[in-house]
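The values are calculated or read from the model by the stated rules, or taken from the named source; none is laboratory data. Since we're looking at a predicted model, the values are computed, not measured. All Cβ positions, glycine included, derive from the backbone under ideal geometry; neighbour counts span all protein chains shown. Surface areas here come from the heavy atoms of the whole protein model, side chains and all, with no ligands, DNA or RNA. Shrake-Rupley method; radii C 1.70, N 1.55, O 1.52, S 1.80 Å.
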Amino acid sequence: MNMDRIIIKGGKKLTGEITISGAKNSVLPILFATLLTDEPTTITNVPSLIDVEIAISLLNFIGKKTIKYGNIVKTYISNKYKYTLPYELVQKMRASILAVGPLLARIRKIKISFPGGCAIGARPIDMHLKAFTSLGVKILNIDRNFIKIYAEKELLGTNINLRFPSVGTTENILLASVLAKGNTTINNAACEPEIVDLITVLNKMGARIIGAGTKKIHIVGVSKLRGFCHKIIPDRVEAATYILAAAITKGEIVIKETIPKHLRVINNKLRKSGLHIKEYENTIHVKWIKNLIPQNITTNVYPGFPTDIQAQWMVLMCLLNGNTRIEEKIFENRFLHVSALRRFGANILTKGNTVYIKGVKKFLGTSVSVSDLRAGAALILAGLAAEGETIISKIEHIYRGYDTIEKKLEKLNATIKKIR
Ligand code: EPZ
């Protein structure tokens, strides 16, 4: 087990400016989209994350030569694709399921172990499998671990109605149907910016997709896709995490290389709370000017309040004067950070998928361990606000989704160190 820890000496106001990295949830599906072409591709503004490393090793395992040079990833001519994905790689990252769509499109068969759940929920793939079946694909339960997904002939475009606007399912349908015979329509599709980024790439490759960012996406199947060059959009979850860090430490920061419209819901909530937020073309200026007023939230699909920012929001609400209600409607078990926040002194009551927070005057530094990616970010925010020292273990979860977070925070005047 990785014994690295983060040590924070809390109580300092964040000041200065930082640059946001490329979006984890955009680069992952786009990396798997490279399987759809044999031509070289170049992806820039790629964040340095554990999940990106896992995706790159999976691509190389499948037979797509993929190399990362700093924040650029290049893929080269492919060898014959392997179609059995190893459990060790698939179980490390849920997003490995996004290899299925392109492999069905190219070689029409894949043997994969169930990606398995993770801390925040069971993370089933029933919607993915149902969507593949509608495209003419067969699912064979080989044994309790492996499923074989295959099509005897080319995939056939069809009309797919999603019971829930699942991000991953929308992405897998896009990746599977671009090379299908005929047209596919996705109704009740996910509208996240990362879906728009993936569709931008697929259209650069020669796909014919309309409706990006809307609930109805139409794909005209084509016979071949070419290489591409693409700069990944900025990570809106990373940006929101730093905005909240500034609010929690009563500081003032400038966030560069971001897309303010992707953060509209959070920024409007924070303005209502009393935080000063100024948006420019790709910069956001955040300044704490007075005690903030608690704001209830209910997580929702885009453009609603993102579930990936719920944990970080909770930390801020714990330190405001007054009561807050937070309802988590996307994942069934995304309150794992609550017990750790109570160790700082938070006053939180959990009832099913809702928590009731009574603000406290301050947090006291403590030692905590990370359960999942966004909970880890929340514990860092809590440590930045707490009086005294905080030690955070199991930090590998955090580096799955935050590029050099301790260095970026140090640059913002935080006293934070990663130690072995
Ligand atoms: C993506 O996960 C993101 N991950 C998640 O970010 C994000 O929280 C989530 O979308 C929601 O926005 C990546 O993009 C790599 P879903 P995904 O399919 O695609 C249920 C982070 O912290 N569901 O929209 O897995 C599912 O269990 C991560 O960066 C089914 O029931 O999310 C969940 O309750 C965490 N059956 C809900 O739908 C299915 O077949 C939303 O899942 C698929 C999903």
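Its relative contact order, with pairs defined as Cα atoms under 8 Å and 6+ residues apart, puts the chain at 22 percent. Taking 0.36 nm per residue of sequence separation and removing the Cα-Cα distance, the residue 57/residue 257 pair yields an extension gain of 69.2 nm.
Placing 226, 106, 208 in order of accessible area, with the largest value first and a 1.4 Å probe, yields 208, 226, 106.
Set the Förster distance to 25 Å, then compute FRET efficiency between residue 323 and residue 300 from the Cβ-Cβ distance, nearest 0.05. Once the sixth-power term is evaluated, E becomes 0.75.
At a probe radius of 1.4 angstrom, the accessible area of segment 319-420 per residue rounds to 45 square angstrom.
For the set 74/269; 216/272; 9/92; 256/418; 278/411; 74/148, the pairs lying more than 28 angstrom apart at their alpha carbons are 74/269; 216/272; 9/92; 74/148.
Please report, in debye to the nearest 20, how large the charge dipole of the chain is about its Cα centre when each Lys and Arg carries +1 at its beta carbon and each Asp and Glu carries -1 there. Kindly include the intermediate steps, with their values, before the conclusion.
Details: 61 positive and 32 negative charges, 44 e Å.
So the dipole magnitude of the chain works out to roughly 220 debye.
For the pair segment 1-70 and segment 356-415, the centres of their Cα atoms are 21 angstrom apart.
Report the FRET efficiency, 1/(1 + (r/R0)^6), for residue 282 and residue 333, where r is their Cβ-Cβ distance and R0 is 30 Å, rounded to 0.05.
0.30
The translational diffusion coefficient of segment 205-360, from Stokes-Einstein at 4 °C and 1.567 mPa s with a Kirkwood hydrodynamic radius over alpha carbon pairs, comes to 74 µm²/s. Rolled with a 1.4 Å probe across the full set of protein chains, the surface gives residue 339 an accessible area near 70 Å². Classify segment 24-231: rounded, prolate or oblate, from the alpha-carbon gyration tensor (a ≥ b ≥ c, eigenvalue square roots; a/c under 1.5 rounded; otherwise prolate if a/b is larger than b/c)? Note, shape of segment 24-231 comes out rounded.
Computed over the alpha carbons of the chain, Rg followed by Dmax gives 21.6, 64 Å.
Among rounded, prolate and oblate, which fits segment 256-320 when a ≥ b ≥ c are the square roots of the eigenvalues of its C-alpha gyration tensor, a/c under 1.5 means rounded, and a/b larger than b/c means prolate? Oblate is the answer for segment 256-320, as a/c is 1.5 or above yet b/c matches or exceeds a/b. A P(r) calculated from all alpha carbon pairs of segment 86-157, with 5 Å bins opening at zero, reads 3, 16, 28, 27, 16, 7, 2, 0 percent. Over segment 24-231, accessible surface divided per residue gives 40 Å², non-protein components excluded, 1.4 Å probe.
Taking every protein chain into account, the 1.4 Å probe leaves residue 108 with about 90 Å² of accessible area, to the nearest ten.
The residue list 22, 350, 233 was ranked by how far each Cα lies along the charge dipole of the chain toward its positive end, using unit charges on Cβ atoms, and 350 comes out on top. Annotation: lysines with alpha-carbon distance below 22 angstrom to residue 153 (same-chain offsets under eight excluded): 80, 82, 109, 111, 130, 138, 181, 224.
For the set 222, 315, solvent exposure ranked by accessible area (probe 1.4 Å, protein chains only) runs largest to smallest as 222, 315. With Cα atoms defining each centre, segment 201-235 and segment 104-162 are spaced 21 Å apart in the structure. Accessible area per residue was computed with a 1.4 Å probe on protein heavy atoms; residue 87 scores about 120 Å². Within the accessible area of the chain, the carbon and sulfur atoms contribute 53%, probe 1.4 Å, all protein chains present. The length gained by stretching the chain between residue 159 and residue 289 to full extension, at 0.36 nm per residue less their Cα-Cα distance, is 41.7 nm.
On full extension, the segment bounded by residue 410 and residue 360 gains 15.4 nm, given 0.36 nm per residue less the C-alpha separation.
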